[in-house]
1. Pop out the ³J(HN,Hα) list for segment B:312-324 in order, Karplus 6.51 cos²θ - 1.76 cosθ + 1.60 with θ = phi - 60°, rounded to Hz; leave Gly and Pro as x.
2. If you line up the long axis of helix C:103-116 against the longest principal axis of chain C, both from Cα atoms, how many degrees apart are they, to the nearest 10?
3. Considering only A:Ile144, A:Ser296, A:Ser176, whose Cα is most displaced toward the positive end of the charge dipole of chain A, charges sitting on Cβ of Lys, Arg (+1) and Asp, Glu (-1)?
4. Put +1 on the Cβ of every Lys and Arg and -1 on every Asp and Glu Cβ in segment B:44-127; which of B:Val67, B:Asn125, B:Gln88 then has its Cα farthest towards the positive end of the dipole?
5. Could you sort the residues of segment D:251-268 by number and keep only those whose accessible area is reduced by 50 Å² or more in the all-protein-chain setting relative to the chain alone, 1.4 Å probe?
6. Could you give the dipole magnitude of the protein assembly as shown about its Cα centre, charging the beta-carbon of Lys and Arg +1 and that of Asp and Glu -1, in debye to the nearest 20?
7. Enumerate the amide H contacts of A:Val34 below 5 Å, restricted to partners 5 or more residues apart or on another chain; note that Pro and chain-start residues carry no placed amide H.
8. Checking an interface number: how much accessible area is buried between A and C, summed over both chains, with a 1.4 Å probe, in Å² rounded to 100?
4 protein chains.
Amino acid sequence: MKRINFGIIGLGRIGIIHLSNISNRIPEAQVIAVADANEQNISGNLTAQQVKYKFTDFHQLLATTEVDAVVIATPTNTHAEIILAAAQAKKAIFCERPIDLSIEKTKIALKSVRDNNVKLMIGFNRRFNPNCYKIYSMINAQKIGRIHLVKTTSRETSIPSKKYLESSGGIFLDMSIQDLDMCRFMMGREVESVFALADRLWDPSLASISDYDTALVTLTFEGGGFAVIDNSRKSDYGFDHRMEIFGDKGMLEMQNELVETHRYHNREGVQGSGPVDFFNERYILSYARELRDFCSSILSPNRPISVGGTDALIALEMAIAAKISCHEKRQVHMSEFRLKH
Amino acid sequence: MKRINFGIIGLGRIGIIHLSNISNRIPEAQVIAVADANEQNISGNLTAQQVKYKFTDFHQLLATTEVDAVVIATPTNTHAEIILAAAQAKKAIFCERPIDLSIEKTKIALKSVRDNNVKLMIGFNRRFNPNCYKIYSMINAQKIGRIHLVKTTSRETSIPSKKYLESSGGIFLDMSIQDLDMCRFMMGREVESVFALADRLWDPSLASISDYDTALVTLTFEGGGFAVIDNSRKSDYGFDHRMEIFGDKGMLEMQNELVETHRYHNREGVQGSGPVDFFNERYILSYARELRDFCSSILSPNRPISVGGTDALIALEMAIAAKISCHEKRQVHMSEFRLKH
Amino acid sequence: MKRINFGIIGLGRIGIIHLSNISNRIPEAQVIAVADANEQNISGNLTAQQVKYKFTDFHQLLATTEVDAVVIATPTNTHAEIILAAAQAKKAIFCERPIDLSIEKTKIALKSVRDNNVKLMIGFNRRFNPNCYKIYSMINAQKIGRIHLVKTTSRETSIPSKKYLESSGGIFLDMSIQDLDMCRFMMGREVESVFALADRLWDPSLASISDYDTALVTLTFEGGGFAVIDNSRKSDYGFDHRMEIFGDKGMLEMQNELVETHRYHNREGVQGSGPVDFFNERYILSYARELRDFCSSILSPNRPISVGGTDALIALEMAIAAKISCHEKRQVHMSEFRLKH
Amino acid sequence: MKRINFGIIGLGRIGIIHLSNISNRIPEAQVIAVADANEQNISGNLTAQQVKYKFTDFHQLLATTEVDAVVIATPTNTHAEIILAAAQAKKAIFCERPIDLSIEKTKIALKSVRDNNVKLMIGFNRRFNPNCYKIYSMINAQKIGRIHLVKTTSRETSIPSKKYLESSGGIFLDMSIQDLDMCRFMMGREVESVFALADRLWDPSLASISDYDTALVTLTFEGGGFAVIDNSRKSDYGFDHRMEIFGDKGMLEMQNELVETHRYHNREGVQGSGPVDFFNERYILSYARELRDFCSSILSPNRPISVGGTDALIALEMAIAAKISCHEKRQVHMSEFRLKH
């Protein structure tokens, strides 16, 4: 069987994860080309991974006919442009989220994908986390009946640098967006309205860049049902990502993965391990599973993409709705919002 | 030591709990009188509890000079009137929540309490639940630092009858009010604004009485910080009351009490007991502890009441704010709200 | 319905528990008489419990014709004599364990019970603990199939006084005996052989009274299967009583009951409550349930006693077998043992 | 820095794990040679792992001067002979457990290691499991004080083939040996006596090869303290490996790792995932960590080996003592036992 030949554009932290995953965990694919504007990122010894081509200009990678599919792991503000070029080069495209911070540019990129009839998958990797996926499977198996409420909690371990935050789009577009996608994914229906609150409870100086470190978002869904998301950029006890989904036949919780399984009993009570420390450790498997899922869609042309451009567009719209709600201190209806754009 | 002589007004389900608790669990008090308009409720053999006086008219009970303190456990719409009379009779008063569904009548009752300089405690019994109290103690011991977020979940096992619901004031005044009080209690600061959503996800016919079975309320607090409350009148897996409180030094969860402690491991995984079934079973101890706390305040005149009239008034205002928010689909500020009344 | 009239012989710690349970938790019974050689124990105000007769000589209690049933809660070395007299007086008998430390005296007492055709129940109260009973019910419902292994752990919070220990019969007869009964109860088959180890790991001075603070007992059962019991007179983290039962279709654990349900997450990990502190708190319900079970057997003459004299005799034989095994450092077969006596 | 050049002898299931771990997880080492009598095992494409030499005769591998260290992963009955040859060839040696089923041959192999002054490490990989190691670290940090009791449970998912069992040495030498090593490791003292029981509760036909599927072993330790091991070749609910260690300052439990972290609440109670399925999945990291530890000892000549030949010899002696105890139905003292051999 011919393996899928991948080119990776952008060899930063996430690009390296994809390179390693394709090389070690996805037998049906291999990385034959990499591109990064920063020559240092591609100067290392990548032979172990059998990378034949190294470019500083991603156009050269796209011009390489042996390349079947590309992974876009560059900074967000370059995604739309690269998708456009890759679609024209007829490559299957895997792009890290979000496509862009602007709905307009996102739509242009998606049009190009449609026009060139190429496959596009977006990296909402949490959907592929084994624990999230287990919950999703149980919902689909009707274990909890019709869903009334989805609750997600995401707390990171430390506030990113202001430099990072300034180009991130803010807490709703950079952080809540993953939870928004997850709520919609679990509920299996579209969001109707968004109400969002945010504050700077950890670092008041975030006001200088008009960003927040804490957010609380409530959603109503078409056909009924609610969701609530709470986000914090920081947590003293470690990375915390949990969910709870309440339906008319039962309730599902997704708990944190713990570092170790011990329980220590002493006069103070019983003590155990905290959550696995950094999101890479927790989601490393998710990255491999999402790419493998992408490969399946390439190999079976009739299999639809699991997380496509529309999913990315809707997640972006929800995040922007949250931003508007927070700014204007009112409930934002997705219908109203969509007319606006 | 002289024991406190109690009179209980209203011998329904809750009145009986108080009678039994005072008789068996509070050595510093005894019930010497009961009053209930329904003669059947007081006709039983109450000698085991050494009740000397039985009345069908509560005024007679209030006229009994041996009675030091009264417990008001009658239907809500009679509370304000009885408080007024009891205050004039100079009795210490323990009244089930809420004082009244109207802010105006509540304020009149509280004025009478102040004018007659009697003690009044309101039955927010959850504050005295051992698990809630443990959480509260740990917060006060600075275990989690400054609080950013309070989350409470309350799900009951079945929807009350429409007859009950019609005079209950609706989900916010009848059910959410306990969570609203709990959020304020845990946060230790006053609520600034309320945003509430509600729906009939279990029983659409509740529209006929303008009530809901599901509610989702978000709060902002003076000085910063958020809370979110989710309520459901029904739950297929049993009575569910949990809390989570996130601060800058850690996080506290209050989990459900379970029926049994077994864990059963088989091919399906591991299975354990569900939550303790009915709120009486879970909160029976709370009722005894709140009354004991009330007795301490009577015996130590300088000890302030733990849950006083102002707490009841504020909880009522928050519940009404939630009702308005839900109706008018907007964030309601407590300041605006207070001007209104 | 006529209530069962109880007489309680011995009003120490356990006698008081039975008095309170019969008075408050068992509507089908009442205590009308008490007897205690120590006049102080019966001089208190017992009117609340409607006790009509108070004696310092238990023979007077047995001579009271209104008394239907007796609870024997005196020191162990008086049990056999009182059972004899109570059987002759044709009373139904509930006796705290053990009947006696000697197999011979135990057999004499049991013969008298048989000869007089009265009912006798022995206070192995753990069998009636709701968590133990849940496990037992699941076993009987074939949830784990055929049992291969029973494991029980019992750790107390502090070493009893030497005065108590000297008349207790030692760790095997005073402490392990409950676990031995529990293993036999759960397995549903008879023990074939016993191998026991013991040591003084907490207090070497126990050698002076030939007792131990730590024991480890392994059992083999007729028809196959094993059990292992570990006992410690002390535990720094609180009272610990757990079980694990492994069968060919699954495994059941009985975990400790915890003081509170909170979980505290901070940099150290997650922390929760320790086990409920003292066995009274944990087993108070068990005492009420076992007496209620006894009452059912009295009221339904054809209903066999749940824990009868033979159960007590076999538990005693197992405990003595353990003592011999430990002393002679060898496996003791119950058959060999039974011939010996 | 020069990397350690490894040769792997035996490329079956375990050999492949070591090959993959050295290649992907241990940057300070590389595999340059493999040897396997079965040509098929080395005919595959191993270039990814940069293996330069492939032999069917392990002597050729030992004769390769570039090889610094060898991993012996052949069938047990060849270990002693290969250790002898490897020691003479002055290679550092990592050998899978056990060295041999005979104490005599084990001693001869160890003598050769001493005479040639080479390093030898034995693959008791469980010691390097992160959860076991956490427990061990906490014990060494005096978290539970002096140890009174170690309990280990190991239950496998299915009974191995009779072919495998016949050359395995039986349940004590093949399975219990790991628990015996673990008890000694955690206790930090030597075993004094062994008492072992065993039966065929799953498969009576194991009698035909004089083996068992279930074992229960109790140990006493020099200086006081006990251990109990329960083993089953099969478990209907999955691979179960837990420990509990009770000391005078507290207690430590090592619980199973679970497949997923969800909790499903419905009318039956709450349900969660079972244990991680196969020991490879659970212990894969352990294999990498033990080899990395071995590499550290090679690179730092003064660093002693973590699990050396004496550890292997003592574990074997304990396992044989258990076998004798079970056969002769008596407690076996390690002293008596050592004289015997």
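1. Running phi through 6.51 cos²θ - 1.76 cosθ + 1.60 with θ = phi - 60° gives 5, 5, 5, 4, 5, 4, 5, 5, 5, 4, 4, 4, 5 Hz.
2. It works out to around 40 degrees.
3. With unit charges placed on the Cβ atoms, the residue in question is A:Ser296.
4. B:Asn125
5. Output list: D:Met251, D:Glu253, D:Gln255, D:Glu260, D:Thr261, D:His262, D:Arg263, D:Tyr264, D:His265, D:Arg267.
6. Roughly 0 debye for the protein assembly as shown.
7. Amide H neighbours of A:Val34, under 5 Å, 5+ apart: A:Ile8, A:Tyr53, A:Lys54, A:Phe55.
8. Working: alone 16190 and 16240 Å², together 31300 Å².
Chains A and C together bury roughly 1100 Å² of accessible area.
The values are calculated or read from the model by the stated rules, or taken from the named source; none is laboratory data. Predicted, not measured: the structure shown is a model, and the values here were computed from it. Don't worry about glycine lacking a Cβ; one is built from the backbone with ideal geometry, like all the others, and counts go over all protein chains shown. We work out accessible area using only protein heavy atoms, side chains counted, and drop any ligands, DNA or RNA first. Shrake-Rupley method; radii C 1.70, N 1.55, O 1.52, S 1.80 Å.
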